[in-house]
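Participant: Provided herewith is a single structure, encoded as structure tokens, for subsequent inquiry.
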Amino acid sequence: MGEPTKILLNESEMPRRWYNVVADLPSPPPPVLHPGTMAPVGPEDLAPLFPMELIRQEVATERYVDIPEEVLEVYRLWRPSPLYRAHRLEKALGTPAKIFYKYEGVSPAGSHKPNTAVPQAYYNAAAGIRRLTTETGAGQWGTALAFACAQYGLDCEVWQVRASYDQKPYRRIMIETFGGVIHPSPSDLTRAGRAVLAKDSESPGSLGIAISEAVEVAAGSPDTNYALGSVLNHVLLHQTVIGEEALAQFAKVGLTPDLIVGCTGGGSNFGGLAFPFLREKLAGRMEVTIRAVEPASCPSLTKGVYAYDFGDTAGMTPLMKMHTLGHDFIPDPIHAGGLRYHGMSPLLSHIYELGLFEAEARTQRECFEAGVRFARTEGVVPAPEPTHALAACIDEALRCKESGEEKVILTALCGHGHLDLAAYGAYLSDALVDHELSEAQLAEAVASLPAVPS
Ligand SMILES: *Cc1c(COP(=O)(O)O)cnc(C)c1O
């Protein structure tokens, strides 16, 4: 018997509460502002879109929030998720590093997204809401929410970014199979969508535009709320089940990670994995470097500005202080659809400003190269998003080969790529191009930032 490949927890060892990192930060994140008054938003401003319990979690300062029994019951379909040791990848790289991946592809949607979709649907159903609207990029979030809505008898209506809608027809079918209704965005069903189409009838769409459409419909209907799959504090809170399980799994093998690497779109899988480890680090119980990896075509952390901006393109959301490329930025249509958001979680942005983690950007071809290498050794075809983190893991493991360091590396394999095979097809036939945001594009993108008195 060598060292184990799968480190598993029993259902009885599943975390029963989510961890709120805000409780342990040296300073609180800046408030979310009302774009009209520039005053901090109150619960009444958010009530047309979200149920009270999620609004409460959004501003919660207590360290832990109990997971409702009705949510735990659904989580049990796939949680606890396995932690894998990538023995075969390590061997292929010839590295002394120990590489671990927490695999979220075992969920009904094939990614980490159901970890928050399920509680969001639950709290909305408990508040008497009948329908949820949302946006989706690659389709992962739409799939997760459609599944979650089906658990609690809610209707689900999804606006999918046009570029992904065209590239990934199977996601649409999966959303419809779970009972959801799906529209390409921009659509002619909303004012926001029609405004974009009037300017560019061929618009590939963006998450910002799709959010505007979903928010517009929810705001206009009392029995309908809106659900967001990333970015917000309550989403990152729900995702901490990933990190809490990983901590317990590392305890089983008597190790702690030296480096945690995750991909960041809006920051939820990264925050979900990293926050419980950050708690240990802040308490002086663990030394760990935490690193975010984002696409070079949408580099909100590494090239964006830290400023108040809207979460959507039409400017309907409150203003959030975050790393942003500007709310009307439309990234190049790279295949990692989940990483094409103009902003970054305000909570993660704040933590980045505090210097508690580092960030880097990568272009898509090197990421797919890493994804293929991972598939050929570990047997999982990763979603395009986590290939960004895998590329960074592999580089780190190769550095360890030079130095002889036996570094323990942990990454979130936050989804499988079974419905992203067209992207692999493009990579394998050498049809993928690299996009990197130019200084000129960046300057143009951030020119639209709203003026906020300091
Ligand atoms: C949505 C998604 C992402 C990006 O969102 P985060 O909030 O940054 O996690 C990354 N990977 C997968 C598989 C996704 O579905």
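The values are calculated or read from the model by the stated rules, or taken from the named source; none is laboratory data. All values reported here derive from a predicted model rather than from experimental measurement. Note: ideal-geometry Cβ built from the backbone for every residue, glycine included; neighbour counts use all protein chains shown.
Participant: Failed condition for S349, given (1) in contact (Cβ under 8 Å) with a residue 24 or more places away in the chain; (2) farther than 23 Å from K168 by Cα; (3) away from the ligand (no atom under 15 Å from the Cβ), with all others met?
Facilitator: (3)
Participant: Let me ask another. Considering only residues of segment 256-297 that are of a type in the set (S, T, N, Q) and crowded, with 24+ Cβ neighbours inside 10 Å, which is farthest from the ligand (Cβ to nearest atom)?
Facilitator: Of everything passing the filter in segment 256-297, T264 is farthest from the ligand (Cβ to nearest atom).
Participant: Ok, one more. Among the candidates T377, T363, which residue alone is away from the ligand (no atom under 14 Å from the Cβ), more than 21 Å from L437 (Cβ to Cβ) and of a type in the set (S, T, N, Q)? Walk me through how you get there before you give the answer.
Facilitator: Numbers: T363 fails: more than 21 Å from L437 (Cβ to Cβ).
Among T377, T363, only T377 is away from the ligand (no atom under 14 Å from the Cβ), more than 21 Å from L437 (Cβ to Cβ) and of a type in the set (S, T, N, Q).
Participant: Mind listing whichever residues of segment 71-87 are crowded, with 16+ Cβ neighbours inside 10 Å and among the charged types (D, E, K, R)?
Facilitator: Across segment 71-87, the qualifying residues are R79, R85.
Participant: Could you count how many residues in segment 233-255 are closer than 22 Å to R16 by Cα and either of a type outside the set (A, V, I, L, M, F, W, C) or buried (at least 24 other Cβ atoms within 10 Å of the Cβ) (or both)?
Facilitator: 16
Participant: To continue, here is another question. Considering only segment 284-323, how many residues are under 30 Å from V408 (Cβ atoms) and assigned to a loop (DSSP other than H, G, I, E, B)?
Facilitator: The total comes to 8.
Participant: If the Cβ limit is 6 Å and pairs must be 6+ apart or interchain, which residue in segment 108-132 that is touching a residue at least 24 places away in the same chain (Cβ under 8 Å) pairs with which residue that is among the acidic types (D, E) and part of a strand (DSSP E or B)?
Facilitator: Matching pairs, first to second residue: R131/D155.
Participant: So which of A138, A121 is of a type outside the set (S, T, N, Q) and within 12 Å of the ligand (Cβ to nearest atom)? Lay out the reasoning, then the answer.
Facilitator: Values: A121 fails: within 12 Å of the ligand (Cβ to nearest atom).
Being of a type outside the set (S, T, N, Q) and within 12 Å of the ligand (Cβ to nearest atom) holds for just one of A138, A121, which is A138.
Participant: Another question, if that's okay. Take segment 192-209 and flag every residue that is buried (at least 24 other Cβ atoms within 10 Å of the Cβ) and away from the ligand (no atom under 13 Å from the Cβ). Before the answer, list the steps.
Facilitator: Within segment 192-209, the first condition is being buried (at least 24 other Cβ atoms within 10 Å of the Cβ), and the residues that meet it are 192-193, 196, 205-209.
Hits for segment 192-209 are A192, G193, V196, G205, S206, G208, I209.
Participant: Further question: Is segment 326-337 home to any residue that is within 18 Å of the chain's Cα centre (by Cα), assigned to a helix (DSSP H, G or I) and either surrounded by fewer than 24 Cβ atoms within 10 Å (Cβ to Cβ) or touching a residue at least 60 places away in the same chain (Cβ under 8 Å) (or both)?
Facilitator: The answer is yes, given that some residue of segment 326-337 is within 18 Å of the chain's Cα centre (by Cα), assigned to a helix (DSSP H, G or I) and either surrounded by fewer than 24 Cβ atoms within 10 Å (Cβ to Cβ) or touching a residue at least 60 places away in the same chain (Cβ under 8 Å) (or both).
Participant: Can you run down the residue pairs with Cβ atoms below 6 Å, 6 or more apart or on separate chains, where the first is in segment 208-235 and within 22 Å of G265 (Cβ to Cβ) and the partner is more than 13 Å from the ligand (Cβ to nearest atom) and charged (D, E, K, R)?
Facilitator: Note: pairs meeting the criteria are G208/D312; I211/D312; S212/D312; N233/E58; H234/E58.
Participant: With the checklist (1) closer than 30 Å to A251 by Cβ; (2) β-branched (V, I, T); (3) more than 16 Å from the ligand (Cβ to nearest atom); (4) in a loop (DSSP other than H, G, I, E, B) in hand, flag the one item V106 doesn't pass.
Facilitator: (3)
Participant: If you go through segment 256-301 one residue at a time, how many are under 23 Å from V22 (Cβ atoms), over 14 Å from the mean Cα position of the chain (by Cα) and among the polar types (S, T, N, Q)?
Facilitator: Residues that pass the stated criteria total 1.
Participant: Could you check segment 125-243 for helices (runs of 4 or more DSSP H) lying wholly inside it with 3 or more residues that are at pLDDT below 95 and within 26 Å of G415 (Cβ to Cβ)?
Facilitator: Once the helices (runs of 4 or more DSSP H) in segment 125-243 are filtered for at least 3 residues that are at pLDDT below 95 and within 26 Å of G415 (Cβ to Cβ), what remains is 162-167, 169-177, 207-219.
Participant: Let me ask something else. List every residue pair whose Cβ atoms sit under 7 Å apart, with the two residues 6 or more apart in sequence or on different chains, where the first one lies in segment 301-324 and is closer than 15 Å to G36 by Cα and the second, anywhere, is among the charged types (D, E, K, R) and not in a loop (DSSP other than H, G, I, E, B).
Facilitator: From residues that are closer than 15 Å to G36 by Cα, the pairs are Y308/K321; M316/E216; P318/D45; L319/D309; M320/D309.
Participant: Is it the case, given these coordinates, that T377 is within 30 Å of E44 (Cβ to Cβ) and in contact with a helix residue (DSSP H, G or I) (Cβ under 7 Å, 6 or more places away or on another chain)?
Facilitator: Numbers: within 30 Å of E44 (Cβ to Cβ): no; in contact with a helix residue (DSSP H, G or I) (Cβ under 7 Å, 6 or more places away or on another chain): yes.
No; evaluated as a whole, the condition is false for this residue.
Participant: Are there any pairs with C-beta distances below 6 angstrom linking a residue in segment 168-190 that is under 11 Å from A109 (Cβ atoms) and surrounded by 21 or more Cβ atoms within 10 Å (Cβ to Cβ) to a residue that is modelled with pLDDT under 95 and not acidic (D, E), with the two at least 6 apart or on different chains, and if so which?
Facilitator: Matching pairs, first to second residue: R171/G139; R171/L419.
Participant: Could you grab me the full set of residues in segment 204-247 that are under 25 Å from M52 (Cβ atoms) and among the β-branched types (V, I, T)?
Facilitator: Listed by number, the residues that qualify are I211, V215, V217, T224, V231, V235, T240, V241.
Participant: Only one of A397, A359 is among the small types (G, A, S), touching an Asp or Glu at 6+ places or on another chain (Cβ under 8 Å) and either at pLDDT below 95 or over 22 Å from L255 (Cα atoms) (or both). Can you tell me which?
Facilitator: On the way: A397 fails: either at pLDDT below 95 or over 22 Å from L255 (Cα atoms) (or both).
Testing whether each residue is among the small types (G, A, S), touching an Asp or Glu at 6+ places or on another chain (Cβ under 8 Å) and either at pLDDT below 95 or over 22 Å from L255 (Cα atoms) (or both) leaves just A359.
Participant: Of all residues in segment 208-231, how many are touching an Asp or Glu at 6+ places or on another chain (Cβ under 6 Å) and within 19 Å of L347 (Cα to Cα)?
Facilitator: 1
Participant: Would you call T256 under 23 Å from K6 (Cβ atoms), part of a loop (DSSP other than H, G, I, E, B) and either free of Cβ contacts under 8 Å to residues at least 40 places away in the same chain or of a type outside the set (A, V, I, L, M, F, W, C) (or both)?
Facilitator: Details: under 23 Å from K6 (Cβ atoms): yes; part of a loop (DSSP other than H, G, I, E, B): yes; either free of Cβ contacts under 8 Å to residues at least 40 places away in the same chain or of a type outside the set (A, V, I, L, M, F, W, C) (or both): yes.
Considered against the rule, which asks whether it is under 23 Å from K6 (Cβ atoms), part of a loop (DSSP other than H, G, I, E, B) and either free of Cβ contacts under 8 Å to residues at least 40 places away in the same chain or of a type outside the set (A, V, I, L, M, F, W, C) (or both), T256 comes out as yes.
Participant: Suppose the filter is out of contact with any Phe, Trp or Tyr (no Cβ under 9 Å at 6 or more places or on another chain) and within 30 Å of L8 (Cβ to Cβ); does G142 pass it?
Facilitator: Working: out of contact with any Phe, Trp or Tyr (no Cβ under 9 Å at 6 or more places or on another chain): no; within 30 Å of L8 (Cβ to Cβ): yes.
It is false that G142 is out of contact with any Phe, Trp or Tyr (no Cβ under 9 Å at 6 or more places or on another chain) and within 30 Å of L8 (Cβ to Cβ).
Participant: When you go through (1) over 19 Å from I99 (Cβ atoms); (2) in a helix (DSSP H, G or I); (3) within 12 Å of the ligand (Cβ to nearest atom) one by one for Y341, which number turns out not to apply?
Facilitator: (2)
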